[in-house]
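Contents: one structure, followed by commentary.
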Amino acid sequence: MWVRVLGGCLVMLWALTGWAQNAALQAGRAEEAAAVSQFLSVYRLGAGDVVSIRVFGEEDLSREKVRLTDSGSIFLPGLGELVVRGKTLGEVERLVVEGLSGRILVNPRVSVAVDEYRPFFINGMVEKPGGYPFQPGLTLRKAASLAGGFKERASLSKLFVIRGDDPGQSQHKAELNTPVYPGDIVTVEESFF
């Protein structure tokens, strides 16, 4: 009898542990999704990003997968060349709506999406230094994983990031959980001890 009771308690404990782990995993995913959503709302476009601009019901005014030029511009039918570098997706949407309103369309509905972000770069003590495609939610630890992991002599206390949108290109100390953004340059230095 005690064996059955003990077995039942163990099964209940196992089920509760699984439920708690699942709840924690779901909370972590929700937190990550919120961080990605916030990133997308403030993300500023730069040279090398690939965007799609859709004008609903007007295929001839829409553009799919257009890479921003070095000057950060794109060409849209009816509007010509638009400089969108440094603008958020919402700002580009408003710019296109304002350009099309009245002159070309009565009430344009526009959506702007990023198809590909400009790459980030990682160098130093990683297995495969170079440029890699950016993914929302990227941290320095994940960036190093994309680059084949840290080399044996990598110093995890000498990590630096140069932000892609920093005109001064100043290097900042970073940690493994520091976010990495498109255009960033990550450096992993060598440990001497």
ask   = What does the charge dipole of region 50-116 about its Cα centre add up to, to the nearest 20 debye, if the Cβ of each Lys and Arg holds +1 and the Cβ of each Asp and Glu holds -1?
value = 140 debye
ask   = What does the charge dipole of region 63-193 about its Cα centre add up to, to the nearest 20 debye, if the Cβ of each Lys and Arg holds +1 and the Cβ of each Asp and Glu holds -1?
value = 140 debye
inquiry  = Can you give the local net charge around ARG109? Use residues other than it whose beta-carbon is closer than 11 angstrom to its beta-carbon, Lys and Arg +1, Asp and Glu -1.
reply    = -1
ask   = With the dipole of region 48-100 worked out from charges on the C-beta (+1 for Lys and Arg, -1 for Asp and Glu) around the Cα centre, which of LEU95, GLY57, THR69 lies farthest toward the positive end?
value = THR69
query = When we measure straight from the Cα of LYS128, which lysines land under 24 angstrom away, once same-chain ones fewer than 8 places off are left out?
reply = LYS142, LYS151, LYS158, LYS173
Placed amide H near LEU138: partners under 5 Å, 5+ positions off or other chain = VAL180
remark   = Given a Förster distance of 25 Å, the FRET efficiency implied by the Cβ-Cβ spacing of HIS172 and ASN123, rounded to the nearest 0.05, works out to 0.95
message = With every atom except the alpha carbons ignored, what do you get for Rg and Dmax of region 120-190, in angstroms?
response = 10.8, 33
request  = Report ³J(HN,Hα) in whole Hz for each residue of region 44-54, in order, from the Karplus equation J = 6.51 cos²θ - 1.76 cosθ + 1.60 where θ = phi - 60°; Gly and Pro get x.
outcome  = 9, 5, x, 4, x, 5, 10, 10, 10, 10, 10
ask   = Once you put a point 7 Å from the Cα of LEU156 and another 7 Å from the Cα of SER71, both along the Cβ direction, what distance in nm separates them?
value = 4.8 nm
Ranked by how many other beta carbons lie within 10 Å on average, peptides 144-154, 181-191, 160-170 from highest = 181-191, 144-154, 160-170
message = Under 5 Å between amide hydrogens, which residues at least 5 positions from LEU76 or on another chain qualify, with H placed 1.01 Å from N in the peptide plane?
response = GLU81, LEU82
remark   = The set of residues whose placed amide H lies less than 5 Å from the amide H of GLY46, leaving out same-chain residues fewer than 5 positions away, is GLY86
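Quick note: the coordinates plus some simple rules give every number you see, no bench work behind them. Source: prediction; values computed, not measured. With ideal geometry, Cβ positions are generated from the backbone for all residues, glycine too; neighbour counts draw on all protein chains shown.
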